[in-house]
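S.K.: Got a structure here, written out as structure tokens. Questions coming.
The values are calculated or read from the model by the stated rules, or taken from the named source; none is laboratory data. Treat the numbers as computed from the prediction; the structure is a model and nothing was measured. Backbone-built Cβ (ideal geometry, glycine too); neighbour counts: all protein chains shown. Note: areas computed on protein heavy atoms with side chains; ligands, DNA, RNA excluded. Shrake-Rupley method; radii C 1.70, N 1.55, O 1.52, S 1.80 Å.
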Amino acid sequence: MDPACSTKRRRVGDPGAQRADRPGTKFPEVMIFVRESKMGSSRRAMISALAREKGFGVADSFSTSVTHVVAERNQPKDVWIWLKKVSAKCGLEVLPEVLDISWLTDCMESGCRLPVEDRHRLKDESEEEVCTKSPSIPIYACQRKTPVNHLNHHFTCALEALAEGAEFSESDGRALAFRRAASVLKSLPFRVAKIEQLRGVPCLGKHSIRIIQELLDLGACKEVEQIRSNEMNKVMKVFMSVWGVGLKTATRWYRDGLRSLSEVRASPSVKLTRMQQAGFEYYRDLARPVSHVEADTITAAIRALLPNSFITITGGFRRGKDAGHDVDLLLTHPDEGGEVGLLSKLLEHLNEQGSVMFQDYRDNTYKETNAAGFNESKSTMDRFERCFTILRLPLSPRVTSHKDDKVTGRQEVNEAVTSHYTTNLRKKIPEPGERAVRVDFVVCPYSQYAFALLGWTGSQQFERDLRRYASHEKAMILSSHHLFDKQQNTFLHANTEEGIFTHLGLPYLEPSYRNA
């Protein structure tokens, strides 16, 4: 009979409680239990001894430290019935791998731990029946609930690292495939412990499945580690950590032979934009995450400056994240047209307080764009009035020395912004106890507020799939400005996000479930 799991008899030093980190073990992450059934005690002892000589940890009795169970000439059903029984006695929740003896003999012959292939597995037929009966996972992220804290970080981080590496190599198709794979794993209501659990799950290509399988088998993936240690990828990540530096700029710097931020600053051939200058000037502060408390404090201060307007925090904070790189605020006014001049008024307040360390204003160009042409455009960028700022925290108390708080017309606003706000970088270094924080202000008409709120809340993958669903499944075009029905050749109006979901025939997802 196979030695059963017995916590009562086990004591320190008992062979059944051997640890894989004992001296001489080459593979500390592996603890093998060789099942005696159909094998006999003599052959089991010989195989166990050979495996130990090759550096594998082998347990004399089954325990919670076992990671791999191997068997010879056993029916999979019999092994799984036994394993579930002894695991229940041990209180083991995540079951070990169940493999044919061929995996262990292959490993001993090669002298290293080999990946587990499908031919090695003794599959649990009862689990396969359950998997085939489980509800299917929707293909679009906008149809799946994806919380902030999901259960498969180990796999999604690896896939997102591969996506990032593909983007650095300008392979957008591969990058998107990896991001879709990571997105669907984030939505799973269970922790992936076996590859069989992913049968029927969409968006998982052969490459992604192979990565997940290697992570399950070895706890790490050679390809992922190579991507993370690649010099170009590491340098590109550093370059892109500077505000205002995107993929094209980082790639150009790298191809020019630059390898550090200090080399970029010292290079006479590098011409920095105003935003990039600010990114370098306040690099340390901007590299620090913004907390939810800081974001709420900023939002409350802006609401106090514009008491008759609607100020909504968007982005990751609205989706429930505890920290972020910046604060995105959506501004509107309940009266259509009342939003005109809001941003000018706000910037005037903040500049008088001395809170503005940098600002880059962009005017609203949507009104000047042909609506039909914009709908047919592949661009997903909106055309709202906005200002990218760096503010000094904490924000100063409100200064009330304005001569006239009346909101001015659009042309006067543009002239004021051009003459006063689009200046060179102001050298305002934070004092002790202060810090620089990125805050983006976006202004929209109230009639477009629901669409803008939906678009600016994210996540990026959620928004991408939402637009794709609208186009492929409903023959509609969705943007942060509107929803256009191509079949009816008309705009569909909505005052709330729920209304937009209704137009699309989708169940409404709260922002906290849009973290695809």
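S.K.: Hey, does the stretch 122-131 have a residue that's at pLDDT 85 or above and either closer than 24 Å to ARG43 by Cα or open to solvent by less than 40 Å² (accessible area, probe 1.4 Å) (or both)?
M.R.: For the stretch 122-131, residues at pLDDT 85 or above and either closer than 24 Å to ARG43 by Cα or open to solvent by less than 40 Å² (accessible area, probe 1.4 Å) (or both): present.
S.K.: Condition (residue is in a helix (DSSP H, G or I), at pLDDT below 95, in contact with a helix residue (DSSP H, G or I) (Cβ under 8 Å, 6 or more places away or on another chain) and closer than 23 Å to VAL356 by Cβ) applied to the stretch 421-440: is it met by at least one residue?
M.R.: Looking through the stretch 421-440, at least one residue is in a helix (DSSP H, G or I), at pLDDT below 95, in contact with a helix residue (DSSP H, G or I) (Cβ under 8 Å, 6 or more places away or on another chain) and closer than 23 Å to VAL356 by Cβ.
S.K.: I'd like the full set of residues that are without any contact (Cβ under 8 Å) to a residue 60 or more places away in the chain, over 30 Å from ARG113 (Cβ atoms) and open to solvent by less than 80 Å² (accessible area, probe 1.4 Å), limited to the stretch 215-249.
M.R.: VAL235, VAL238, PHE239, MET240, SER241, VAL242, GLY244, VAL245, GLY246, THR249
S.K.: In the stretch 278-298, which residue that is without any contact (Cβ under 8 Å) to a residue 60 or more places away in the chain, open to solvent by 20 Å² or more (accessible area, probe 1.4 Å) and out of contact with any strand residue (DSSP E or B) (no Cβ under 6 Å at 6 or more places or on another chain) is nearest to GLY244 (Cα to Cα)?
M.R.: Taking the candidates together, the pick is PHE280.
S.K.: So, in the stretch 54-97, how many residues would count as being open to solvent by less than 30 Å² (accessible area, probe 1.4 Å), out of contact with any Pro (no Cβ under 7 Å at 6 or more places or on another chain) and more than 16 Å from ARG121 (Cα to Cα)?
M.R.: So the count comes out to 9.
Residue by residue, here is whether (1) modelled with pLDDT of 55 or more; (2) under 19 Å from VAL98 (Cα atoms) holds:
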{"site": "ARG10", "(1), (2)": "no, no"}
{"site": "GLY16", "(1), (2)": "no, yes"}
{"site": "ARG22", "(1), (2)": "no, no"}
{"site": "ILE32", "(1), (2)": "yes, yes"}
{"site": "ARG35", "(1), (2)": "yes, yes"}
{"site": "LYS38", "(1), (2)": "yes, yes"}
{"site": "SER48", "(1), (2)": "yes, yes"}
{"site": "ALA59", "(1), (2)": "yes, yes"}
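S.K.: On to the next question. So which residues in the stretch 352-377 are at pLDDT below 50 and small (Gly, Ala, Ser)?
M.R.: Answer for the stretch 352-377, where residues must be at pLDDT below 50 and small (Gly, Ala, Ser): ALA371, ALA372, GLY373, SER377.
S.K.: Checking GLU29 against (1) surrounded by 15 or more Cβ atoms within 10 Å (Cβ to Cβ); (2) under 21 Å from ALA193 (Cβ atoms); (3) out of contact with any strand residue (DSSP E or B) (no Cβ under 7 Å at 6 or more places or on another chain), which single condition isn't satisfied?
M.R.: Failing condition for GLU29: (1).
S.K.: Taking into account only those residues within the stretch 165-214 that are part of a loop (DSSP other than H, G, I, E, B) and among the polar types (S, T, N, Q), which is surrounded by the fewest Cβ atoms within 10 Å (Cβ to Cβ)?
M.R.: So the residue we want is SER171.
S.K.: I'm told SER309 meets every condition in (1) under 20 Å from PRO394 (Cβ atoms); (2) free of Cβ contacts under 8 Å to residues at least 60 places away in the same chain except one. Can you identify the failing condition by its number?
M.R.: For SER309, the exception is condition (1).
S.K.: With respect to GLY324, determine if the residue is at positive phi and of a type outside the set (A, V, I, L, M, F, W, C).
M.R.: When the stated conditions are applied, GLY324 does not pass them.
S.K.: Scanning the stretch 132-164 for residues that are among the β-branched types (Val, Ile, Thr) and open to solvent by 30 Å² or more (accessible area, probe 1.4 Å), which turns out nearest to the chain's Cα centre (by Cα)?
M.R.: Selected residue: VAL148.
S.K.: Can LEU492 be described as modelled with pLDDT of 95 or more, within 16 Å of TYR140 (Cα to Cα) and touching a helix residue (DSSP H, G or I) at 6+ places or on another chain (Cβ under 7 Å)?
M.R.: The answer is no for LEU492.
S.K.: Now a separate question. Here is a list of conditions, (1) modelled with pLDDT under 95; (2) under 32 Å from the mean Cα position of the chain (by Cα), and GLY337 meets all of them except one; can you say which number that is?
M.R.: (2)
S.K.: Then there is this: Being more than 19 Å from TYR449 (Cβ to Cβ), open to solvent by 50 Å² or more (accessible area, probe 1.4 Å) and charged (D, E, K, R) is the filter here; which residues of the stretch 312-354 pass it?
M.R.: Hits for the stretch 312-354 are LYS321, ASP322, GLU348, GLU352.
S.K.: Then there's this: Working only within the stretch 448-464, note down all residues that are among the polar types (S, T, N, Q) and in a helix (DSSP H, G or I).
M.R.: GLN448, THR457, GLN460, GLN461 - these are the residues of the stretch 448-464 that are among the polar types (S, T, N, Q) and in a helix (DSSP H, G or I).
S.K.: Which strands (runs of 3 or more DSSP E) sit wholly inside the stretch 465-516 and have at least 2 residues that are under 21 Å from the mean Cα position of the chain (by Cα) and of a type outside the set (D, E, K, R)?
M.R.: Fully inside the stretch 465-516 and qualifying: nothing.
S.K.: Then there is this: Taking interchain pairs and intrachain pairs at least six residues apart, which have beta carbon atoms under 8 angstrom, with the first residue in the stretch 106-131 and under 11 Å from LYS54 (Cβ atoms) and the second of a type in the set (D, E, K, R) and modelled with pLDDT of 80 or more?
M.R.: Cβ pairs passing all conditions: CYS107/LYS54; CYS107/ARG113; MET108/LYS54; GLY111/LYS54.
S.K.: Sticking with this one: Could you run through the stretch 105-126 and say how many residues are closer than 20 Å to GLY57 by Cα and outside any strand (DSSP E or B)?
M.R.: 13
S.K.: Between a residue in the stretch 325-352 that is touching a residue at least 40 places away in the same chain (Cβ under 8 Å) and within 19 Å of TYR366 (Cβ to Cβ) and any residue that is open to solvent by 40 Å² or more (accessible area, probe 1.4 Å) and of a type in the set (Val, Ile, Thr), which pairs come within a Cβ distance under 7 Å, given they are 6 or more apart or on different chains?
M.R.: Cβ pairs passing all conditions: VAL340/VAL407; GLY341/VAL407; GLY341/THR408; LEU342/VAL407; SER344/THR408.
S.K.: Quick one: is LEU50 open to solvent by less than 50 Å² (accessible area, probe 1.4 Å) and in contact with a helix residue (DSSP H, G or I) (Cβ under 8 Å, 6 or more places away or on another chain)?
M.R.: For LEU50, the condition - open to solvent by less than 50 Å² (accessible area, probe 1.4 Å) and in contact with a helix residue (DSSP H, G or I) (Cβ under 8 Å, 6 or more places away or on another chain) - is not met.
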